[in-house]
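Working notes for the structure below.
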Amino acid sequence: MNDAGEPGYNFAYLDESTKRMIRRAILKAIAIPGYQVPFGSREMPLAYGWGTGGIQITAAVIGADDVLKVIDQGADDTTNAVSIRRFFARVAGVETTERTAEASIIQTRHRIPERRLSDGQILVYQVPIPEPLRFIEPRETETRKMHALVEYGAMHVKLYEDVAAHGRITTSYNYPVLVNGRYVMSPSPIPKFDNPKMDMMPALQLFGAGREKRIYAIPPYTPVKSLDFEDHPFSVERSDRPCALCGATDTFLDEIVADDRGGRIFVCSDSDRCGEQRDQVASGDGAAP
Amino acid sequence: MYVAVKGGEKAIDAALDLLARRRRGDDAVPELSVDQIDAQLSLAVDRVMTEGSLYDRQLGALAVKQARGDLVEAAFLLRAYRTTLPRFGFSEPLDTARMALARRISAAFKDLPGGQILGPTFDYTHRLLDFALLAEGRPSVTDVVRHAAGEVQPAMPRVTDLLADEGLIERDGDMTGAPADITRDPPHHPAPRDARLQALSRGDEGFLLALAYSTQRGYGGNHPFAGEIRYGEVAVHLHVEELGFAVDIGDIEATECQMINQFKGGGDVPPQFTRGYGLAFGHAERKAMSMALVDRALRAGEFGEEAASPAQDEEFVLSHCDNVDASGFVQHLKLPHYVDFQAELLAVRALRAAFQDKEAAQ
Amino acid sequence: MTMDQLVAPAGLDMRPGFDEPVAASQRVFRALMDALSRPGRIVDLPALAQAPHELEPAAAAIGLGILDGDTSLWLPRDCAAAAAWLRFHTGCRIARSVADADFVFVPRGAAAPDLSQLRLGSDEAPHASAMLVVAVTGLEAGSGARLTGPGIDGEARLSVTGAPDELLVRRNDMVAAFPRGFELVLCCADRIAALPRTTRLEG
């Protein structure tokens, strides 16, 4: 088994005792949805803030039969995604893919794939700041109490200040959610466009924050509600244009500056979904743009 | 095809290749050997070992070479290597009273058993650029100095022990039992002093220096005297369960600073001085002194002092002193954030449209 | 009982652990993760050739895959051989009481320990709680008690036979003060089903 990876290193880089420690933290995280479990995060051969939490989770979870997909900003070919995918191909010798449907583990930064994930898939999020209350209260000692006492009033006040100033909630990414009616949780810096995908998702969602040494989770089929107010319900902003490459109108789009005269082009951020859509259009059985 | 704006495997390969060439520099200049770095940039190696929390001069020198002299990057290289090493156990407390001293000074006493040993220090250089060093291959030290540099003084008592014998200063902290290990256990606050000292010892020298300086300027001051600063070689002992006793596994070079701070006491307790402690691998006085000042500042709660200054705020200091953490997170802003930025653009455009509608209606 | 009584009695036949510990540990973990994230689903664990006879093969596999020197294990006092075996292979600490244990194993036929001592964590640190691994004589999905909660699409059914008396009723009481609680893993031969503290169990 060890011969599948990098000579001189254990399968999937981490030593077995580190993996066990992370695995035990993951099990607790699944049992207490949305609660941040502290763990003995290790230094990784990748800078803190660049996905060390996600990498440690993936390394603890992955087996020789897994098929791994890594995305950053929705795309498989962004440099950090390439770097992390190569890392696992090297240290675990696992098969990798760019197809969302074929992956058993998807490690992501800042996006949830557009395609509905299935039961049996695992989505691993890289998390920079796991504490949703951090910018309201910087002290860990305080936020821990706030979670224990379900003291989330300050979070609602912050969201409502937006409503007072701008007539709506202006948080556009890393939009806080309530998991299974108990814990307020950071969904990581995904656009709020992706928030609804978390609710009752059939796949297991695992979140790793390496520098902050926290792991949390959302089991499959778990209610995840974006915080809002009765008179200002949660809503997502959509681009009013289709993807310039595949014509999709239901995806999150990247804006590309085409020239210095205000020209803009919009394309799918999810590169796999965009490619699939283009293939369908080309073969004539998809909706034309 | 606009996916071209996204990076890829080729771009990464090219970047690695360019980096390797930049590291080597001009081929006409001889390559620097790891031995040369260890011998001639030894303080860089010391800092990298301390902040990388791995005592290995050769690997420290290799890290400095590989990182092109970027010491924070070099410390990170050592950390990433260290994390793959098995943990055999923990050593006995270093007995720095038995250190083979190359330097030892006390600012608290004019003279003391063993005397003051100036040793190799920048302190009394005149900071005049030595243009003689520009010329290579010229001996820049006299035979007399070279002889003295090899001379190591015998062990001598620590100033704090002399004071503690009279009860004038608090005793050393409890050193029995297994120490904390901040590389394995997640932090919690308030942290025990051993965990704090570990974090400070690995902490960024610049950050600790600035914090230490702030305590001298009134932000949490505690009237320090440099009781003693010593630098030399000290033996590391490991208790081996199977043998039932501790064995000497080798010597390391270390710098220790014991700050003597304002006295405490009153009521049932006779007044005595308090301590701040600093320890670093190799020769690193600035680091050890800064650490000792910050250690003492962080003990404010223990002594019932008001803790209102940054250096006294444990959660703030410990959460931000690690340069591998800090460097990674500050620099992660280089990673693409265009999905989040796009979400912000959508929000701002929607808000601006609403604003303009309102203006038009008025 | 002292620790010494639980450490390998002299001349003990020390059975082997996993042939390929790295791969097997990963599969044990994934099985446990599957079971905990889909309560009521019955999951197979990697086969273990020769588990100590006191332990259900699934419990033995969980022990080998999850325990190590950073964890403490409680076993009934008449299971010294199994405790010695797990200690030998994993380096786990043997807990003197249920209150000190991260993992509490209850083999088939053994009297259940005093569950009131089980660690449930606190509201600030609910993860500092135990996992209870209990051998049962039968596990059947699709019929029996009704399960709802995270991990379950609508509802699931699980029928458990041969569990210690009142275990499931006691369990429901003990997980009522979420987030405090514990995780229950039911083992039958080399199959498991798990009930995290979030699972509501009726009937």
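General remarks:
- GNM result for chain B, Cα springs below 10 Å: residue of B:Ser309, B:Ser53, B:Ser290 fluctuating most strongly: B:Ser309
- Overall form of chain A per C-alpha gyration tensor (a/c, 1.5; a/b vs b/c): oblate
- Rounded to the nearest 20 debye, the dipole size of segment C:19-202 about its Cα centre is 120 debye, using +1 on the Cβ of Lys and Arg and -1 on the Cβ of Asp and Glu.
- Shielding value for C:20-30 is 6, the average number of Cβ atoms from other chains within 10 Å of each residue's Cβ.
- Candidates per GluC sites (Glu not before Pro) in segment A:224-289, loop by DSSP, up to 13 other Cβ within 10 Å: A:Glu230
- Sorted by Cβ density within 10 Å, fewest first, the residues B:Thr255, A:Thr170: A:Thr170, B:Thr255
- Using C-alpha pairs under 8 Å with a sequence gap of at least 6, the mean separation divided by the residue count of segment A:105-196 gives a relative contact order of 31 percent.
- Bridge orientation summary for chain A: considering DSSP beta bridges with both residues in this region, about 60 percent are antiparallel.
- Taking a ≥ b ≥ c as the square roots of the eigenvalues of the alpha carbon gyration tensor, chain B is oblate, as a/c is not under 1.5 and a/b does not beat b/c.
- Residue among C:Leu147, C:Ala101, C:Ile42 farthest towards the positive dipole end of segment C:19-202, charges placed on Cβ: C:Leu147
- A Gaussian network model of chain B, with springs between Cα atoms under 10 Å, assigns the largest mean-square fluctuation among B:Ile105, B:Ile117, B:Ile229 to B:Ile117.
- DSSP-defined antiparallel bridges as percent of all bridges, segment C:19-202, nearest 5: 60
- Three-way shape call for the protein assembly as shown based on the alpha-carbon gyration tensor, with the a/c threshold at 1.5: oblate
- Cross-link partners of A:Lys69 among lysines, defined as those whose alpha carbon lies under 20 angstrom from its own and excluding same-chain residues fewer than eight positions apart: A:Lys197, B:Lys6, B:Lys10.
- Mean Cα-pair separation over length for segment C:19-202, i.e. relative contact order, pairs under 8 Å, 6 or more apart, %: 26
- Relative to the longest principal axis of the Cα atoms of chain C, the long axis of helix C:80-90 makes an angle of roughly 90 degrees.
- Using a Gaussian network model of chain B in which every pair of alpha carbons under 10 angstrom is joined by a spring, one finds that among B:Asp185, B:Asp27, B:Asp248 the greatest mean-square fluctuation is at B:Asp27.
- Of all DSSP-defined beta bridges confined to the protein assembly as shown, some 70% are antiparallel rather than parallel.
- When peptides B:186-192, A:162-168 are ranked by their average number of other Cβ atoms within 10 Å per residue, the highest-first order is B:186-192, A:162-168.
- Its DSSP H runs of at least 4 residues, each contributing -39,500 (n - 2.57), put the calculated 222 nm mean residue ellipticity of the protein assembly as shown at -9500 deg cm²/dmol, to the nearest 500.
- Loop exposure criterion: GluC sites (Glu not before Pro), DSSP state outside H, G, I, E and B, at most 14 other Cβ atoms within 10 Å. Applied to chain B, the longest stretch between such sites is B:32-135.
- Rel. contact order, % - alpha carbon contacts under 8 angstrom, at least six apart, chain A: 20
- Extreme residue, positive dipole direction of chain B, given options B:Gln258, B:Ala178, B:His337 (C-beta unit charges): B:His337
Since every read-out is calculated from the coordinates, none of them should be taken as a lab result. Quick caveat: nothing in here was measured; it's all calculated off a predicted structure. All Cβ positions, glycine included, derive from the backbone under ideal geometry; neighbour counts span all protein chains shown.
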